[in-house]
Structures are given as C-alpha cells and as structure tokens.
Amino acid sequence: MAQRARGGRRAAVAGTAASLLALGLGAPGASAAGEPRIDLRVLVVDDGGSPVRAITAQLRSTGIPYTTVDLGDPGRPAVTAAFLSDTVDGRPRAKYQGVVLPDEAPFGAGSAEQAALEAYERTYGIPQVDAYTWAHPEVGLDYTSEGGWAGALDGREASVTAAGKAGPFDYLDGAVAFEDNAPGVQESYGYVARPRSGFTSYVDVPVPAGSGRGSLVGEYAHDGRRELVVTFAYNQHQQQFRLLARGIVEWLTQGVHLGRDRNYFAVHVDDVFAPDARWDTERNCTPGDIDCAGGGEDTTVPIRMTAADAVHAAQWQRERGFTLDMVYNAGSGEEWKAEHGGSDALTDRLLADRAQYRWINHTYTHPFLGCVQDTSTVPWSCAENADGSTRYMSRAEIAAQIRDNHAWATAKGLPVDRTELVTGEHSGLRTLPQQPADNPNLAGALADTGVKWIASDNSREPAQRAVGGALTVPRHPMNVYYNVGTAAEMADEYNWVYTSRADGGSGVCEDNPASTCLDAPLDPATGYATHIVPQEARTALGHALANDPRPHYVHQSNLAEDRILYPVLDRVLADYRALFADNTPLENPRHSAVGTELQRRAAWQAALAGGRVTAYRIGITVTVTAPSGTRIPVTAPEGTKQQLVLGTTAFGTPYAGERSAWAAPAALQSALTLKLP
C-alpha cells in the first residue's frame with residue numbers, strides 16, 4: 001500500500017490567484033484591494049435527499065462550518081449575488097469556499113438563482129458538488145444508452161482511477177465495494193456512463209452487461225467552472241459513501257478547511273484479572289446475575305483468561321501492530337488468587353507483559369457504584385432509606401474502590417493514568433429506569449481521586465457530559481457478550497436475543513421496534529463465524545470510518561477459551577488495511593485522548609453555533625480567529641507553515657496526504673495564521 005502524492009489537487013490549491021488566473025478570472029485578484037477573500041464556509045443547498053444529508057453529516061463531523069438553504073422552506077433566502085458575495089474593507093469576499101447541490105441545477109436551468117450561483121463560481125473559482133445526478137451531456141457524461149448502464153449497484157466493486165489516486169482519493173488503496181446487506185432489497189442505484197470531453201473520472205466500475213468502464217464519480221470542468229459529479233445514490237451510513245466522503249470534502253474545499261477527520265479504532269477489554277459469569281444455555285440467562293430468575297444452583301464454570309491466553313494476547317498485538325486497553329480489577333484478581341492456592345499464573349504473565357498494553361482503572365472489586373440494589377425482585381430496584389430517599393453507595397466507598405485499584409497498579413509497575421476510569425457496568429452514572437440520576441456521591445469521589453475521564457455506555461448516552469469536574473467518554477458496546485467463552489455459547493445467546501418466540505427466542509426483537517429478528521436461528525456450530533463476526537466487524541469498521549473516536553468495549557472472557565474476539569478484530573484490521581493507503585493509518589487513541597478529542601469538538605461546535613469563529617484565506621494566507629482558549633481544528637496541504645511573530649514552523653501532523661491539527665494562535669498573536677505552500 002504505497003503512499004501517493006496529491007500532485008494535481010495540491011497544485012490546484014497552491015494559491016487563489018493561480019486558480020483564478022487558470023480560469024481566466026483576473027478581475028477580483030486585480031482589484032485595488034488585492035486578491036479576494038474566500039471565507040472557509042460551505043454552502044449546502046438541501047432538497048431533503050439522503051445524498052445531500054450524507055455530505056452535510058460529513059461536514060458536521062469534520063467540524064467544517066456550513067450554511068444550509070432548504071429548498072423546501074418557502075421562507076428561505078434567495079440565492080443572489082449579494083447572498084453569495086460582498087466586499088469587506090474594500091476587498092471582494094466570497095462567502096463560501098464550496099457549494100453542495102442536490103444535482104447540477106436545483107434552481108432550474110436558466111433561472112435567476114442558478115445564473116447567480118454559476119456566475120459566483122466562475123468569478124471566485126468555487127467548486128461545486130452535484131451530490132447525485134443522472135448521466136447526461138450537461139454533466140459531461142454520455143447517456144447510459146450510449147454504452148453505459150443504469151441499475152442496482154449492490155455487491156459491485158468500483159475502483160479509484162489513476163486520476164482519483166493522484167487527486168482527492170489518494171488515501172484509498174482498495175476497491176470501493178457497494179454494500180449488499182439485504183439480498184432482494186435494492187440498496188444502491190446508479191448510472192454508469194462514459195465521460196465526454198472535459199470530464200475526468202475518479203471512481204469507475206466495469207459497465208454491467210457491456211464493455212469498458214463507466215464513471216460513478218468524476219470532475220467536469222467546463223464554462224469556467226468545476227463540478228464533482230456523483231451518479232449513484234447513497235446515505236451517510238453506507239460504506240461506499242464513508243470511503244469516498246473524505247475525498248468529496250477535500251475536493252470541495254481544495255484541501256484547505258476548518259475541521260479535521262481521522263479514522264479511529266480503540267478496544268477496551270473490561271474485567272481483566274476478574275472472572276466473568278457464564279451464560280446458561282439451558283436456562284437462557286446468566287446464573288449469578290441479579291436478573292437471572294428461576295432459582296436453582298449455579299453449576300456453570302466462570303470464564304477467566306489463562307496465562308496461555310495472555311501470551312496469545314501479547315503475541316497478537318505484536319503481529320497486528322495494535323494495542324488493547326486492559327481495563328483491570330486488581331481486587332477481583334487477588335480474591336481469585338486467594339481462592340486458588342495463593343498463586344495466579346495469569347496475573348504473573350500479564351504483569352510480565354505490562355508494558356505491551358495500556359491499562360485503565362476498573363475499580364478494585366467491580367462493585368455497583370450507584371444506588372444500593374434491592375435484588376428481591378427481577379428487575380432489581382433501588383433500596384430506600386427510612387425516609388423514602390434512595391440509598392446510595394457512599395463517597396468514601398467509591399473513592400476507596402478507585403484509589404485501591406490505582407495503588408495496586410502503581411505498586412506493580414503498571415503504566416496507568418489516574419485520570420482515567422471505567423466503573424463496573426458504568427455504574428455510578430444514571431441507570432435507567434431504576435436509577436434516573438447519577439449517584440450524588442460519584443462526582444465528589446472522582447474529584448477525591450483525580451479522575452477526569454469516566455467511561456459511559458454510548459448506547460445509552462452517546463454525548464459527552466460533565467460529572468462534577470470530570471467528563472464522560474462514551475464507549476461502543478460490541479455484540480460479543482461478556483458471559484460467553486465459546487463460539488457456540490455466543491451463538492446460543494445471540495439466538496435467544498434475536499429470534500422470535502416462535503423460533504425459540506426471547507421475542508425481545510419482536511417487542512423492540514428498533515430491533516430486527518433473525519429469519520431463522522443461527523447454527524451454534526457455524527453461526528458465530530458466518531453471521532456475527534462479519535456483522536460486528538462491519539459495524540465497528542463503520543464507526544472507524546465515521547471520524548468517531550469513541551472506543552469499543554468487550555470483556556476478558558472474549559480473550560479466553562475460544563478467544564472469540566480475535567476474529568472480529570482481525571476482520572476489522574484486515575478490511576481497513578486493504579482499503580486504505582499507508583498514509584492513512586488507523587488511529588488507536590487511549591481513553592483520555594478520546595475524552596480530550598470529544599471535549600474539543602464540543603467547544604468548537606459551540607463556537608461555530610455562536611458565530612464566534614472567523615476564517616478565510618487570501619491568496620496563500622489562512623487566518624482564523626476563535627474565542628480565547630478554543631482549540632481550532634484545521635486541515636491544510638503538506639508544506640503548510642504556521643506563522644509566528646518571527647518566522648514560521650511546520651503545521652500539524654500528516655494524515656491522508658494532508659496535515660491537520662487542533663491548533664491555537666502562536667504566542668503574542670490573536671489569530672491563527674497559516675501559510676499554504
């Protein structure tokens with residue numbers, strides 16, 4: 001997977017004046033005030049369709065400011081010359097650096113609004129994305145009847161062309177496969193067509209039932225304007241869009257924009273050193289859990305890693321170049337040791353390999369840190385004090401659980417960060433419906449122990465929030481269950497959750513409108529490998545491709561016995577590395593880094609929403625001002641420098657052929673100033 005230079009696109013962003021002159025647009029640059037100012041903001045013309053919404057979601061997740069014109073709103077502003085441009089301090093200003101349209105002419109060919117938009121694009125060299133249109137000469141393509149094709153693209157593989165790899169899609173190495181998740185259901189429709197003069201194809205596919213290749217994504221340069229023409233339908237969650245989204249935005253912004261976009265994947269392994277309870281395939285619940293009704297003795301054997309499992313984990317990490325986060329319960333390990341003759345080969349092995357992992361405090365013995373649970377009924381409820389108030393675990397007890405676990409790790413030489421915490425079952429935080437509010441003693445205990453980043457469950461609380469002086473770090477639960485050690489057990493429990501009552505399942509999937517039942521129960525011998533692994537890998541990869549830094553979490557039981565976690569992780573890593581070039585590595589941030597990233601994003605979005613960010617480029621100079629203390633996300637071409645009071649310094653770090661950073665003005669400066677190459 002060789003790195004490729006973005007020669008064509010990098011030349012295009014060398015300077016605004018060069019772009020304008022290349023298009024024969026000397027007027028603004030020749031004005032008395034010098035070159036025009038181009039604001040770093042995107043105009044989105046929204047028809048309510050999924051392609052425009054998908055690109056809008058990419059802009060938002062990246063952190064790029066945009067203005068939306070809703071075509072369905074009768075009170076929307078008219079797109080006129082005054083709406084698009086004006087003059088600031090005597091200098092012509094383009095208010096938008098790029099335009100996203102539902103198709104090539106959403107206002108109607110020859111209309112006043114369409115004419116104003118096209119004149120604006122010519123004057124300032126502003127690119128336009130046609131989010132989804134059909135193949136016809138007005139977008140630089142032959143009709144599909146002229147050697148092309150139109151129809152469902154499900155399951156087909158497109159390729160990035162040489163021009164695409166030299167330009168906006170140079171971060172991709174592999175095929176752009178169109179999803180086919182539901183045979184019999186059309187998921188993607190497109191027009192495969194031959195380019196005409198002025199059209200450069202970036203993504204193409206063999207013409208079905210024909211010969212040669214036809215374009216699906218390409219650039220049409222004509223009439224002093226540039227359009228990125230997309231001829232297939234998509235939504236923001238489909239993998240084919242996720243693969244191309246970065247390139248679409250980089251083409252639109254000419255590689256210079258606010259915001260940053262990276263691909264993240266981190267995996268937390270909870271309950272390390274502790275045993276996990278096992279799913280009972282006869283009772284269809286987990287004995288020992290407080291929601292396992294029916295009585296009877298627990299005859300299942302707990303699941304716990306062995307020393308051999310630890311050796312395998314370390315070796316797997318070295319071979320894959322990927323680090324796991326070990327979320328540990330030292331006290332539970334000590335209890336296990338005391339119950340098994342005073343020795344523990346697993347702990348010895350993990351401690352010997354301590355430097356190969358990251359470690360996160362999971363409390364000493366994994367107690368429930370919220371309300372005191374009354375388990376006399378299923379489901380449990382919160383116990384009450386004599387006055388009817390909820391009885392909670394005390395601040396001192398919570399702090400002791402955190403402090404004792406950290407002290408054990410420090411004494412054993414584990415490289416642990418006291419600011420990071422994952423509580424057992426995310427307890428202490430609100431747990432609906434039984435505990436609708438956080439344990440009021442939790443925030444104080446976090447302050448007492450120096451915790452700044454506490455994990456939460458993304459399926460319950462996807463947004464970061466404050467818990468006293470700490471902030472949550474939402475984590476994605478993986479559908480690789482904590483209470484299974486074998487593939488057969490995993491398939492059995494999965495069947496119980498995802499099959500109808502008629503098929504022997506719990507019927508939960510029938511009762512939950514957000515769920516879907518399996519057509520038939522999985523084969524316990526093969527169901528995990530053939531159904532669950534690819535599905536979970538696809539979900540996790542989807543998070544990674546969506547600029548989502550939130551970690552995924554599993555449990556130590558998934559590294560034991562059949563070691564069922566590894567096939568999922570191997571699939572994610574292999575698929576990712578087959579898709580992306582070496583210049584776009586999969587980032588693996590630690591818990592506190594994820595928290596910091598989410599905190600910065602929230603502050604940035606608040607600044608944008610409050611209208612407190614000003615950003616523009618004039619020629620090769622980019623200037624950004626934001627509220628004091630706000631880190632500014634910026635993406636720019638390789639070779640970009642940050643202007644200091646005296647001299648310059650290299651800007652950002654490399655990723656996907658560009659450089660990006662959460663930046664701030666240099667010392668003695670009130671604005672962030674960059675010099676483009």
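For segment 643-666, which positions are closer than 28 Å to TYR171 by Cα, free of Cβ contacts under 8 Å to residues at least 24 places away in the same chain and in a loop (DSSP other than H, G, I, E, B)?
PHE651, GLY652
Of the residues that sit in segment 209-224 and are at pLDDT 95 or above and touching a strand residue (DSSP E or B) at 6+ places or on another chain (Cβ under 7 Å), which one is nearest to GLU146 (Cα to Cα)?
GLY214
Table: residues versus (1) without any contact (Cβ under 8 Å) to a residue 40 or more places away in the chain; (2) among the polar types (S, T, N, Q); (3) surrounded by fewer than 23 Cβ atoms within 10 Å (Cβ to Cβ); (4) within 26 Å of TRP359 (Cα to Cα).
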| site | (1), (2), (3), (4) |
| --- | --- |
| LEU541 | no, no, yes, yes |
| ARG571 | yes, no, yes, yes |
| ASP582 | no, no, yes, no |
| GLU587 | no, no, yes, yes |
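Since ASP438 meets every condition but one in (1) part of a loop (DSSP other than H, G, I, E, B); (2) of a type in the set (D, E, K, R); (3) on the phi > 0 side of the Ramachandran plot, which condition does it not meet?
Here ASP438 clears every test but (3).
Scanning for something surrounded by fewer than 16 Cβ atoms within 10 Å (Cβ to Cβ), part of a helix (DSSP H, G or I) and touching a residue at least 24 places away in the same chain (Cβ under 8 Å), does segment 328-342 turn up at least one residue?
For segment 328-342, residues surrounded by fewer than 16 Cβ atoms within 10 Å (Cβ to Cβ), part of a helix (DSSP H, G or I) and touching a residue at least 24 places away in the same chain (Cβ under 8 Å): absent.
May I ask you to say which residue of THR161, THR133, THR144 is surrounded by 17 or more Cβ atoms within 10 Å (Cβ to Cβ) and more than 30 Å from the chain's Cα centre (by Cα)? It would help to see each step written out before you state the result.
Working: THR161 fails: more than 30 Å from the chain's Cα centre (by Cα); THR133 fails: more than 30 Å from the chain's Cα centre (by Cα).
Criteria check complete, one pass: THR144.
Since ALA308 meets every condition but one in (1) farther than 29 Å from ARG577 by Cα; (2) free of Cβ contacts under 8 Å to residues at least 24 places away in the same chain, which condition does it not meet?
(1)
Can you list residue pairs whose Cβ atoms sit under 9 Å apart, with the first residue in segment 272-294 being more than 12 Å from VAL484 (Cα to Cα) and outside any loop (DSSP other than H, G, I, E, B) and the second being of a type in the set (Phe, Trp, Tyr) and at pLDDT 90 or above? Count only pairs 6 or more apart in sequence or on different chains.
Sorted first by the residue in segment 272-294, then by its partner, the pairs are VAL272/TYR328; VAL272/TYR357; VAL272/TRP359.
Taking TYR498 as meeting all but one of (1) free of Cβ contacts under 8 Å to residues at least 24 places away in the same chain; (2) surrounded by 20 or more Cβ atoms within 10 Å (Cβ to Cβ); (3) touching a Pro at 6+ places or on another chain (Cβ under 8 Å), write down the number of the exception.
Of (1) free of Cβ contacts under 8 Å to residues at least 24 places away in the same chain; (2) surrounded by 20 or more Cβ atoms within 10 Å (Cβ to Cβ); (3) touching a Pro at 6+ places or on another chain (Cβ under 8 Å), only one is false for TYR498: (3).
If the Cβ limit is 7 Å and pairs must be 6+ apart or interchain, which residue in segment 507-534 that is more than 13 Å from VAL497 (Cα to Cα) pairs with which residue that is assigned to a helix (DSSP H, G or I) and acidic (Asp, Glu)?
Every condition considered, the pairs that remain are PRO524/ASP492.
Checking VAL301 against (1) among the aliphatic types (A, V, I, L, M); (2) surrounded by fewer than 17 Cβ atoms within 10 Å (Cβ to Cβ); (3) over 14 Å from ALA274 (Cα atoms): exactly one of these is not met. Which one?
(3)
Out of (1) crowded, with 17+ Cβ neighbours inside 10 Å; (2) within 22 Å of the chain's Cα centre (by Cα), the odd one out for PRO462 is which?
Of (1) crowded, with 17+ Cβ neighbours inside 10 Å; (2) within 22 Å of the chain's Cα centre (by Cα), only one is false for PRO462: (1).
Answer yes or no as to whether VAL269 is touching a His at 6+ places or on another chain (Cβ under 9 Å) and in a helix (DSSP H, G or I).
Judged against the criteria, VAL269 is not a match.
If only one of VAL416, VAL480 is over 26 Å from HIS543 (Cα atoms), surrounded by 19 or more Cβ atoms within 10 Å (Cβ to Cβ), in contact with a helix residue (DSSP H, G or I) (Cβ under 6 Å, 6 or more places away or on another chain) and modelled with pLDDT of 95 or more, which one is it?
Of VAL416, VAL480, the one residue that is over 26 Å from HIS543 (Cα atoms), surrounded by 19 or more Cβ atoms within 10 Å (Cβ to Cβ), in contact with a helix residue (DSSP H, G or I) (Cβ under 6 Å, 6 or more places away or on another chain) and modelled with pLDDT of 95 or more is VAL416.
I'd like the residue in segment 448-459 that is over 20 Å from the mean Cα position of the chain (by Cα) and within 22 Å of ALA603 (Cα to Cα) and, out of all such residues, is surrounded by the fewest Cβ atoms within 10 Å (Cβ to Cβ).
Our first condition is that a residue be over 20 Å from the mean Cα position of the chain (by Cα); within segment 448-459, this holds for 448-452.
Then keep just the ones that are within 22 Å of ALA603 (Cα to Cα); that gives 451-452.
Values: VAL451: 26, LYS452: 19.
Filtering segment 448-459 for residues that are over 20 Å from the mean Cα position of the chain (by Cα) and within 22 Å of ALA603 (Cα to Cα), the one surrounded by the fewest Cβ atoms within 10 Å (Cβ to Cβ) comes out as LYS452.
So which residues in segment 496-528 are part of a helix (DSSP H, G or I) and either farther than 30 Å from ILE360 by Cβ or not hydrophobic (A, V, I, L, M, F, W, C) (or both)? Working first, answer last.
From segment 496-528, those part of a helix (DSSP H, G or I) are 496-498, 501-503, 508-511, 527-528; that's our starting set.
Residues satisfying the conditions are TRP496, TYR498, ARG501, ALA502, ASP503, VAL508, CYS509, GLU510, ASP511, GLY527, TYR528.
Inspect segment 241-248 for any residue being part of a loop (DSSP other than H, G, I, E, B), closer than 30 Å to GLU597 by Cβ and in contact with a strand residue (DSSP E or B) (Cβ under 6 Å, 6 or more places away or on another chain) and give the result as yes or no.
no
Would you tally the residues in segment 622-676 being out of contact with any strand residue (DSSP E or B) (no Cβ under 9 Å at 6 or more places or on another chain) and among the β-branched types (Val, Ile, Thr)?
The qualifying residues number 2.
Output the residues belonging to segment 608-643 that are among the polar types (S, T, N, Q) and closer than 25 Å to LEU598 by Cα.
Of everything in segment 608-643, those that are among the polar types (S, T, N, Q) and closer than 25 Å to LEU598 by Cα turn out to be THR614, THR623, THR625, SER628, THR630, THR635, GLN642.
Of everything in segment 589-617, what is closer than 24 Å to HIS552 by Cβ, surrounded by fewer than 20 Cβ atoms within 10 Å (Cβ to Cβ) and small (Gly, Ala, Ser)? Give them in sequence order.
SER592, ALA593, ALA602
I want to confirm something. Restricting to segment 176-215 and keeping residues that are closer than 19 Å to ALA245 by Cα and touching a residue at least 60 places away in the same chain (Cβ under 8 Å), which single residue is surrounded by the most Cβ atoms within 10 Å (Cβ to Cβ)?
Among them, the one singled out is SER215.
Which residues, taken from segment 218-245, are hydrophobic (A, V, I, L, M, F, W, C) and over 15 Å from ASP103 (Cβ atoms)? It would help to see each step written out before you state the result.
First, pick out the residues of segment 218-245 that are hydrophobic (A, V, I, L, M, F, W, C): 221, 228-230, 232-233, 241, 243-245.
Correct list: ALA221, PHE241, LEU243, LEU244, ALA245.
Test each condition in (1) surrounded by 23 or more Cβ atoms within 10 Å (Cβ to Cβ); (2) under 30 Å from LEU559 (Cβ atoms) for HIS237 and report the one that comes out false.
Checking HIS237 against (1) surrounded by 23 or more Cβ atoms within 10 Å (Cβ to Cβ); (2) under 30 Å from LEU559 (Cβ atoms), the one that fails is (1).
Do we have any residue at all in segment 404-411 that's of a type in the set (S, T, N, Q), part of a helix (DSSP H, G or I) and surrounded by 22 or more Cβ atoms within 10 Å (Cβ to Cβ)?
Yes, the conditions are met somewhere in segment 404-411.
Between ARG563, ARG550, ARG612, ARG538, which is more than 26 Å from ILE55 (Cβ to Cβ) and either assigned to a loop (DSSP other than H, G, I, E, B) or assigned by TED's automatic domain parsing to the domain that holds THR306 (or both)?
Only one candidate qualifies: ARG563.
The values are calculated or read from the model by the stated rules, or taken from the named source; none is laboratory data. Owing to the predicted nature of the structure, the values given are computational and were not obtained by experimental measurement. No Cβ is skipped: glycine too gets one built from the backbone with ideal geometry, and neighbour counts run over all protein chains shown.
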